[in-house]
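I have placed the structure first, in the form of structure tokens, so that the comments after it can refer back to it.
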Amino acid sequence: MEPGSRGAAPGGVSVSAVLPAGGSGERLGGATPKQFCAVQGRPLVSYAVRAMERISWISDIIVVVSPENIETMKTIIEKYGHKRVTVVEGGITRHRSIFNGLKVFAEKEFSSHLVQKPEVVIIHDAVRPFVEEDIVSKVVMAAKEHGAAGAIRPLVSTVIASAADGCLDHSLERARYRASEMPQAFLFDIIYEAYQQCTDYDLDYGTECLHLALKYCKTNAKLVEGTADLWKVTYKRDLYAAESIIKDDLSQQVCVITDVKETLAQVGFLLPESLKSQIKVEAISISLSKNDSCLQNIISGQCYNFVCVNDKRWAIQETQELVDMLEKSNIPLLCPVVLILVHLDIPENNSFSIGMEDLTMIKKFARETKKKNILVYGLLIQYK
């Protein structure tokens, strides 16, 4: 399903998301806040937005940033083609920023346009880029039933408390405790009421949204076991780990492009179906000679692997259109792009034949694109 389309939300409820992204990144070090640090040439916050954006049943995504970074965030949204996103000015603390994000749904004077209040709202850190739809769906379903829900993970290390003299006071039994992670989800009215009631001390020093729901609305959150990829980018070393994960993820994605002809569309359907069990597949049926917005969105999402299926005489001109689009996106500067040209030799297409002139042209084209970090391969299939 392409970004921007709407699917059914779990439990049939309306759902939106708030992404706090106003932190200064002190623990990371450096002048750039971690949410705006580039990973594979793309700001970290863009990956988190894309993760939410790819979930079709999330209606609106509110990104809360510090005042000095509002224009930066708007530029990121435009550059990477993000949809359904509203940028909001954050507060001086995490809780104040989240509260500002929630106000967009409830207070007309807080935003230039009032977005529709959802039944359930997701809160997710902008520096947690590896969230999948499955865990988001689970916390939304749990929030619908219990009023609040959050992902948790087992503690990695034992938690201890020190006495005033710096010596060990006591330790916690690790098996009884869990690390609170994101995403979290709430019935909107519950979490909004909790923020309205909480004290300045809570807003300035608190960090746990689930605690606010419990303290002010007597709502016991359902805890949902999360996956290992929910970790938060906090330190500089985490950026390198994120880059490694993203590279591995990119190698597992492919975009299959077919022409609009019936025979090609059939092959374009069968190929993705056979690949889906092994990798993530985006399948589109378009003419490369047209500037297609769906393809543009896929490229802006940093897809590095493409399979083009056609029955024309090697379709070099149309393939060049794709190469030009890739060049303009600058993604070949970050990582090699693999482009596989699949040519169908269809019996009724009598004009289709391969000669030395064709092979020479293909090899020349591949050499030229290789200079641009785009690796072109050709495959001829006799289709009956």
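General remarks:
- In a fully extended conformation the segment linking LEU168 and GLN320 would gain 48.1 nm over its present Cα-Cα distance, using 0.36 nm per residue.
- Whether the range 195-247 is rounded, prolate or oblate, judged on the alpha carbon gyration tensor where a/c under 1.5 counts as rounded: oblate
- Solvent-accessible ranking of LEU44, LEU210, LEU270, largest area first, probe 1.4 Å: LEU270, LEU210, LEU44
- Checking the Cα-Cα distances for LYS83/LYS280; LYS117/LYS144; LYS138/LYS236 against a 25 Å cut-off, the pairs over it are LYS138/LYS236.
- Fully extending the segment from ARG367 to ILE381, taken as 0.36 nm per residue of separation minus the present Cα-Cα distance, adds 2.8 nm.
- Modelled spin-label separation between LEU214 and CYS294, with each label point placed 7 Å from Cα along the Cα-to-Cβ direction: 4.7 nm.
- Bridging of LYS215 to aspartates and glutamates at a Cα separation below 18 Å is possible for ASP189, GLU193, ASP200, ASP202, ASP204, once same-chain residues fewer than 8 apart are set aside.
- Accessible area of PHE365 in the full protein assembly, 1.4 Å probe (Å², nearest 10): 20 Å²
- Accessible area per residue, Å², the range 15-240 with all protein chains present, probe 1.4 Å: 47 Å²
- Length available on full extension from GLU243 to THR227: 0.36 nm per residue minus the Cα-Cα distance, which gives 3.9 nm.
The values are calculated or read from the model by the stated rules, or taken from the named source; none is laboratory data. Everything numeric in this text was worked out from a predicted model, so none of it was measured. Cβ coordinates were reconstructed from backbone atoms using ideal geometry, including for glycine residues, and neighbour counts include every protein chain displayed. Each accessible area value is taken on the protein alone, full model and side chains, heavy atoms only, with ligands, DNA and RNA left out. Shrake-Rupley method; radii C 1.70, N 1.55, O 1.52, S 1.80 Å.
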